[in-house]
Amino acid sequence: MCGIVGYIGPRDATPIILDGLQRLEYRGYDSAGVAVIRDGDIHLRRDVGKLANLRRRVEADPISGSIGIGHTRWATHGAPAEHNAHPHISMDGEYVVVHNGIVENYLELREELMAEGVQFKSETDTEVIVQLIERFAQNGANHNLTEATRRAVQLLRGAHAIVVMSRQKPDELVAVRIGNAGGVAIGLGEGENYVASDIPAILEHTRRMIFLESRQMATVRADSFAVQTLDGQSVRGEVHDIPWDPVSAAKGEFKHFMQKEIFDQARSLTDTIRGRVDFEHGTVLLPDLNLSEAQARALTQMVIVACGTSYYSGLVGKFFIEHMARLNVEVDYSSEYRYRDPIIDEHTAVLAITQSGETVDTLAAMEEAREKQATLWSIVNAVGSQAMRTSDGYITMNAGPEVGVASTKAFTASIVDQYLLALYLGQLRGTLTPAQRRAYTHDLGRLPDLVGRTLENDGAIKQLAGQLYHYRDFLYLGRGINYPIALEGALKLKEISYIHAEGYPAGEMKHGPIALIDEDMPVVCIALKDALYEKMISQIEQAKARGGIVIAIATEGDSFIGSKADHVLYVPESAPLLSPVLAVIPLQLLAYYIAVRRGADVDQPRNLAKSVTVE
Ligand code: AGP
């Protein structure tokens, strides 16, 4: 969603901000802008569409300054248009603001301000913020930027991340966070400082960051910063050292980030497992979970909350935890969770799965769990994210930055994290024997290599995509632990190729979706050599009998399936519990190559954002 970058220091702010915004492009946006202050004047450039348009505008009419703020906007109030793009300047031209979130009471505030004679230049909700700041600065706050901002934001309803600067105070930026409209990170440099909604925007410049909590604000100068609550209490900001490497975020040899990230999975899963497993003794170490044996034994149930791909990952994790830790697991959409008064207590562990750690629905589900006294865990990829910081314990995915909007390597990493969690719980709760633990960890140790081998079938998948890309509807079927993979395969295709696709538990096909099957319907069936293999073969036969084009995801060495399906994509044999990690790879690649054949914008699909910070 929207992205924010700010800079204050001796260098020219404009290129630093534009480059920072570029790093947030993957989040999805429809317009962008930058404002800097030089010689007491605010200079503003904005444009609709891609950041390249804004860059061209800045090249044609350059601006520079040692303090500045920039923004990529994803329209909520007011169409994507230059006058609605951020930054927004106050009526008298004294203050300028960028904002993520929605001012829920903006209409009422706007009316009040208009009654006082304020003239608005945009249709946005954001503009009321800057007009309020100017009003308070001129009446009562004596042009104190921090004080005027504090007074203004206290009138706002909703969740917000805001950065503001003033012509009167060209030596400071003020940043505010209220609720979960994305993060606010303060990046600490030498004689220069940064503000950003997301870590990658400023990681090139510094790894030392402070994260504002809800209802905190920071006054940032080139050589100092001060954090306080909105009530004016001073806060000692904890400095985090962020480990990500910006170089690994580059596309390298690949055409798209999504392709790179799919191929990254053998490495990323090695990083997910690294340092956490003693293969010799079959033990798992998850110190950041902060879980004692007594607490683990006292658990009576677990609830997984997540959205989209992370939700499907949770459906796989349920199998692991129920099987290894003998703990009942429910999996819920985060967006639904708090609306059904869930029955949980202090013996419930609620696990949030979120690669971004900033998905607003998942954060809200976590709040619900917190209020009901549950133990709160998270599985996150973004180190330092809100989900990680508000949990009692966490497990990082260690997948590295995932830039493509369609999640791939974070999906497999979060599955592996849950496998580790299940083993760890089994170990603490005594539900697994040492021999079983050794067998499970041994299976896990083989996984990165099997992933590498699965990726070698890339050529066959690319070729098949060439035969399938023109179909309009796809059905994906799976059973048992691979049913969630059918859902994920369909979601990947929908997201990036805009082809209608549905995932179904294979046994449900005959209860409805079978009516759709004809010679125009490719049916992707995950039919691995496991306990449900024969049942999947029977579904394939039923689909074939209706003229469907069957694509089977099958286990290497299964020559029989070739006589039943029209096309077969093979994955290596693995332990059944880990087979989803392999089965999803051909589906990721199939979606990717179909989208490429259709000329779609694979890394930034229309209407989607990497980090969904609105409800
Ligand atoms: C995945 O391809 C999607 N873009 C989307 O469903 C995503 O998984 C969902 O928005 C949840 O995101 P999170 O993991 O960052 O919470």
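Of all residues in the stretch 85-115, those satisfying the criterion of being of a type outside the set (Val, Ile, Thr), surrounded by fewer than 24 Cβ atoms within 10 Å (Cβ to Cβ) and at pLDDT 90 or above are 91, 92, 93, 94, 108, 109, 110, 111, 112, 113, 114, 115.
Please determine, by comparing only the residues of the stretch 472-494 that are within 13 Å of residue 594 (Cβ to Cβ) and surrounded by fewer than 24 Cβ atoms within 10 Å (Cβ to Cβ), which one is nearest to the ligand (Cβ to nearest atom). It comes out as 494. Exactly one residue among 214, 224 is of a type in the set (Ser, Thr, Tyr) and farther than 20 Å from residue 152 by Cβ, and that residue is 224.
The residues of the stretch 360-388 that are assigned to a loop (DSSP other than H, G, I, E, B) and open to solvent by less than 20 Å² (accessible area, probe 1.4 Å), listed by number, are 374, 381, 382, 384, 385. If I ask for residues that are within 16 Å of the ligand (Cβ to nearest atom) and among the hydroxyl-bearing types (Ser, Thr, Tyr), which ones from the stretch 332-371 would you list? Hits for the stretch 332-371 are 333, 334, 335, 337, 354, 356, 359, 362. I'd like the residue in the stretch 389-420 that is open to solvent by 10 Å² or more (accessible area, probe 1.4 Å) and among the hydroxyl-bearing types (Ser, Thr, Tyr) and, out of all such residues, is nearest to residue 183 (Cα to Cα). In this case the residue turns out to be 390.
Tell me, please, whether a residue that is at pLDDT 95 or above, in a helix (DSSP H, G or I) and either within 16 Å of the ligand (Cβ to nearest atom) or of a type in the set (Phe, Trp, Tyr) (or both) can be found in the stretch 594-606. Yes. Out of 428, 421, one residue alone is part of a helix (DSSP H, G or I), touching a Lys or Arg at 6+ places or on another chain (Cβ under 8 Å), among the aliphatic types (A, V, I, L, M) and away from the ligand (no atom under 15 Å from the Cβ). It is 428. Screening the candidates 380, 329, 316 for the property of being away from the ligand (no atom under 16 Å from the Cβ) and not charged (D, E, K, R) yields one hit, 329.
Remark: pairs (first residue in the stretch 46-57, over 21 Å from residue 89 (Cα atoms) and among the polar types (S, T, N, Q); second residue open to solvent by 50 Å² or more (accessible area, probe 1.4 Å) and assigned to a helix (DSSP H, G or I); Cβ separation under 6 Å; 6+ apart in sequence or on different chains) are absent. For the stretch 307-340, filtered to residues that are crowded, with 21+ Cβ neighbours inside 10 Å and polar (S, T, N, Q), the residue that is nearest to residue 437 (Cα to Cα) is 313. When residue 613 is tested against (1) away from the ligand (no atom under 16 Å from the Cβ); (2) among the β-branched types (Val, Ile, Thr); (3) in a loop (DSSP other than H, G, I, E, B), just one condition goes unmet, and that condition is (1). Here residue 539 clears all of (1) surrounded by fewer than 20 Cβ atoms within 10 Å (Cβ to Cβ); (2) under 30 Å from residue 333 (Cβ atoms); (3) of a type in the set (S, T, N, Q) except the condition numbered (1).
The values are calculated or read from the model by the stated rules, or taken from the named source; none is laboratory data. Computed from a prediction, not measured in an experiment: that's the story for all the values here. Virtual Cβ from ideal backbone geometry, glycine too; neighbours counted across all protein chains shown. Areas reflect the complete protein model, heavy atoms only, side chains present, ligands, DNA and RNA absent. Shrake-Rupley method; radii C 1.70, N 1.55, O 1.52, S 1.80 Å.
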